[in-house]
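Peer 1: Starting off with a structure, shown below.
The values are calculated or read from the model by the stated rules, or taken from the named source; none is laboratory data. Quick caveat, the model's predicted, so the values are computed rather than measured. We place every Cβ from the backbone using ideal geometry, glycine too, and count neighbours over all the protein chains shown.
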Amino acid sequence: MSTSAELEALYAKIYGLHMEGGWHRKAPALWPEPRANFHPNLWRYRDVKPILEQAGGLVDHRMADRRNLTMTNPVEGNLYSTVRTLVAAYQSIKPGEQAEAHRHTPSALRIILEGQRSFTVVNGTRVEMRPGDVLLTPSWSWHSHEAVGPDDCFWVDVLDVPLVHLLEPMFFERHPDKFEAQVSDAQEAPIAFRWTDSLRRLDASAAAPAHGTAEREIELGAPAMKTIAIHVQRMSAGFASATHRSTANAIYTVLDGEGTTRAGEREMHWQLGDVFAVPAWQAYRHEVSRDAHLVRVSDEPVMRAFDLLREQNL
Ligand SMILES: [Fe+2]
């Protein structure tokens with residue numbers, strides 16, 4: 001038997017044991033730097049809002065736990081995630097509707113876009129959701145929503161569901177009584193970051209935060225949740241950020257203003273309510289044409305916790 005025939009026979013034995021030799025892998029296990037897997041992508045609120053409004057007439061909360069539209073990254077083979085570890089969704093609730101309580105191991109947050117007099121109940125605390133507010137639903141917290149005023153309410157959800165998919169510990173349950181029995185109203189709560197407070201903090205913050213990725217920046221919580229960081233950024237008309245990249249995966253929500261973000265090969269022109277994805281290690285740069293506030297939601301705490309956070313200006 002020739003040496004190569006002997007080697008082939010050896011490989012057949014190795015594969016037969018469901019093993020692979022590290023010296024002849026079918027695909028490399030290590031590579032020099034992060035690959036560009038997920039795509040930068042933009043979802044426009046003006047495209048989505050009419051669809052949510054139409055769905056509001058066709059799909060009520062008795063048919064669906066939540067009337068939401070998840071933003072699926074257009075990378076081939078992806079069925080759900082917005083970036084590797086996070087998913088974003090637009091969600092609406094109509095006057096008089098109540099979304100029943102449930103809880104899940106994935107952590108979630110809501111960034112409110114439009115509508116007055118809607119409320120969320122998180123572990124028995126009921127808080128109003130107002131435009132610009134960011135509300136948290138940490139892992140395994142009961143949460144339900146309701147709109148009691150005349151407005152439809154629209155918001156952006158961001159959850160770490162794809163991370164939980166990767167790690168496997170998914171648990172989900174509906175509240176046995178549909179809603180929590182003991183509920184108390186609160187103006188302030190640790191899970192509620194008010195827009196008025198964010199504006200005040202931005203006014204008082206130092207100009208030119210680290211890396212020059214925004215004009216001013218504050219963090220909500222430190223971090224907001226164990227797997228998710230939330231930064232509110234301010235950039236005025238004419239501002240151009242540094243070109244930057246980070247191993248953290250990020251999803252931006254536009255609260256006001258207008259601008260363009262170049263990320264990887266994509267150029268994304270955004271305005272109020274738009275959401276865009278900047279996946280890990282994609283070089284990006286913002287240029288602002290109208291005074292803007294963005295909410296940057298990222299998996300930075302995960303990267304930091306495991307010594308995987310690397311950031312770089314180019
Ligand atoms: Fe939920």
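Peer 1: Within the stretch 220-240, work out how many residues are buried (at least 20 other Cβ atoms within 10 Å of the Cβ) and basic (Lys, Arg).
Peer 2: Residues flagged as buried (at least 20 other Cβ atoms within 10 Å of the Cβ) and basic (Lys, Arg) within the stretch 220-240 amount to 1.
Peer 1: Among the listed residues Ala27, Ala36, identify the single one that is out of contact with any His (no Cβ under 9 Å at 6 or more places or on another chain), closer than 26 Å to Tyr284 by Cβ and not acidic (Asp, Glu).
Peer 2: So the residue among Ala27, Ala36 that is out of contact with any His (no Cβ under 9 Å at 6 or more places or on another chain), closer than 26 Å to Tyr284 by Cβ and not acidic (Asp, Glu) is Ala36.
Peer 1: With the checklist (1) more than 21 Å from the chain's Cα centre (by Cα); (2) part of a loop (DSSP other than H, G, I, E, B); (3) exposed (fewer than 15 other Cβ atoms within 10 Å of the Cβ) in hand, flag the one item Glu173 doesn't pass.
Peer 2: Only one criterion in (1) more than 21 Å from the chain's Cα centre (by Cα); (2) part of a loop (DSSP other than H, G, I, E, B); (3) exposed (fewer than 15 other Cβ atoms within 10 Å of the Cβ) is unmet by Glu173, namely (2).
Peer 1: Right, another one. So how many residues does the stretch 209-250 have that are among the small types (Gly, Ala, Ser) and either in a strand (DSSP E or B) or within 17 Å of Asp291 (Cβ to Cβ) (or both)?
Peer 2: The number of residues fulfilling the criteria is 9.
Peer 1: Got a sec? Which of Asp157, Asp152 is under 22 Å from Arg46 (Cβ atoms) and either away from the ligand (no atom under 14 Å from the Cβ) or of a type in the set (Gly, Ala, Ser) (or both)?
Peer 2: Asp152
Peer 1: If you don't mind, there's one more thing I want to ask. Do the conditions hold for Val148, that is, is it at pLDDT below 95 and surrounded by fewer than 21 Cβ atoms within 10 Å (Cβ to Cβ)? Full working, then the answer.
Peer 2: Numbers: at pLDDT below 95: yes; surrounded by fewer than 21 Cβ atoms within 10 Å (Cβ to Cβ): yes.
Considered against the rule, which asks whether it is at pLDDT below 95 and surrounded by fewer than 21 Cβ atoms within 10 Å (Cβ to Cβ), Val148 comes out as yes.
Peer 1: Test Arg66 against the stated conditions and say whether it is within 16 Å of the ligand (Cβ to nearest atom) and surrounded by fewer than 16 Cβ atoms within 10 Å (Cβ to Cβ). Step through it out loud before you land on a result.
Peer 2: Numbers: within 16 Å of the ligand (Cβ to nearest atom): yes; surrounded by fewer than 16 Cβ atoms within 10 Å (Cβ to Cβ): yes.
The answer is yes for Arg66.
Peer 1: Could you tell me whether the stretch 23-39 includes any residue that is in contact with a Gly (Cβ under 9 Å, 6 or more places away or on another chain) and either among the hydroxyl-bearing types (Ser, Thr, Tyr) or without any contact (Cβ under 8 Å) to a residue 24 or more places away in the chain (or both)?
Peer 2: Our first condition is that a residue be in contact with a Gly (Cβ under 9 Å, 6 or more places away or on another chain); within the stretch 23-39, this holds for 29, 36, 39.
Narrowing further to those that are either among the hydroxyl-bearing types (Ser, Thr, Tyr) or without any contact (Cβ under 8 Å) to a residue 24 or more places away in the chain (or both): 29.
The answer is yes; a qualifying residue exists.
Peer 1: Please enumerate the residues belonging to the stretch 96-131 that are over 12 Å from Trp155 (Cα atoms), surrounded by fewer than 16 Cβ atoms within 10 Å (Cβ to Cβ) and more than 14 Å from the ligand (Cβ to nearest atom).
Peer 2: Residues satisfying the conditions are Gly96, Arg117, Gly124.
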